[in-house]
Amino acid sequence: MTDIFQEVDDEVRRDKAAEFWRKYQNFIIAAAAMIVLAAGAFRYWQYEKEKAEQAAGDEFQAAIAAYESGKLNDAYGGLAKVAANSPGGYRILAQMTEAGAKASSDAPAAIAAFDALAGDASVDPLFRDAARLRAALLRVDQRNEEQAGAAALTSLAGSEGPFRRTARLALGAIALNRGEYDQAGKEFDLVLGDPEATPTERQYAERWTGLVASNRGAAK
């Protein structure tokens, strides 16, 4: 993490906002995915601990381990099995993980999968917002989808949900890339002013606020 921030400092000194966004946009998406999975796993643990569905949990963990070790066929097969046969949170987590795995090779398919989850009234609201966030982050990097993605991020940022700060960080990064420094600064200030912001979220907002100030000064 320290190395990443050092690179950010270097970008500040060189005033290359566009290059910064191109370099770190995938990191933003990956960070959001980690937040989605962590939040979803916690909610699932709360809901499912009384049912003790150890078998589904073991299958899910095995699929994740296979994915991390590069055994993609085993991973996709395991996730599909959990998604089809397991109840509650594990099923949704498997579907979200499977959708996320498609993002790098088939973004439209991943977006469609996240949209389906976001629009499913039977899914827990936390998971639906998580899916909406992932779809929005993918859309802003797709031609002809940027406006729809930004609109979804704006909706999430204006809510009281747990993903509002991630949405604001993404909106700030988009504004920064466009040279809209006042708007970018506003988004980062909202994150810094949020009493529920995590230390990591504050770190990103502070660093990017410095990037805004540097570029705003260079533009004068």
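Data for the structure
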item: In segment 130-145, the residues that are acidic (Asp, Glu) and modelled with pLDDT of 90 or more; result: Glu145
item: Search result, residues across segment 172-185 that are assigned to a helix (DSSP H, G or I) and over 16 Å from Leu156 (Cβ atoms); result: Leu176, Asn177, Tyr181, Asp182, Gln183, Ala184, Gly185
item: Test: residue in segment 126-141 that is farther than 21 Å from Arg165 by Cβ, of a type in the set (Asp, Glu) and either surrounded by 14 or more Cβ atoms within 10 Å (Cβ to Cβ) or out of contact with any Leu (no Cβ under 9 Å at 6 or more places or on another chain) (or both); result: no
item: Pair list, Cβ under 6 Å, 6 or more apart: segment 107-131 residue in contact (Cβ under 8 Å) with a residue 60 or more places away in the chain and under 18 Å from Arg143 (Cβ atoms), other residue open to solvent by 10 Å² or more (accessible area, probe 1.4 Å) and part of a helix (DSSP H, G or I); result: none
item: Hits in segment 185-203 (condition: in contact with a Lys or Arg (Cβ under 9 Å, 6 or more places away or on another chain) and of a type in the set (Ser, Thr, Tyr)); result: Thr198
item: Subset of segment 191-204 [buried (at least 18 other Cβ atoms within 10 Å of the Cβ) and modelled with pLDDT under 90]; result: Ala197, Glu201, Tyr204
item: Residue in segment 175-187 that is within 18 Å of Leu133 (Cα to Cα) and modelled with pLDDT of 90 or more present; result: yes
item: Among residues of segment 116-132, those that are over 14 Å from Leu153 (Cβ atoms) and either in a loop (DSSP other than H, G, I, E, B) or within 14 Å of the chain's Cα centre (by Cα) (or both), counted; result: 9
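Matching residues to (1) modelled with pLDDT of 95 or more; (2) touching a strand residue (DSSP E or B) at 6+ places or on another chain (Cβ under 6 Å); (3) open to solvent by less than 70 Å² (accessible area, probe 1.4 Å); (4) in a loop (DSSP other than H, G, I, E, B):
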site: Gln147; (1), (2), (3), (4): no, no, no, no
site: Pro162; (1), (2), (3), (4): no, no, yes, yes
site: Ala167; (1), (2), (3), (4): no, no, yes, no
site: Ala170; (1), (2), (3), (4): no, no, yes, no
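The values are calculated or read from the model by the stated rules, or taken from the named source; none is laboratory data. Predicted model only: the values in this text are computed from it and were never measured. Every residue, glycine as well, gets a Cβ built from its backbone with ideal geometry; the counts of neighbours run over all protein chains shown. Just the protein is used for accessible areas: all its heavy atoms, side chains included, with ligands, DNA and RNA removed. Shrake-Rupley method; radii C 1.70, N 1.55, O 1.52, S 1.80 Å.
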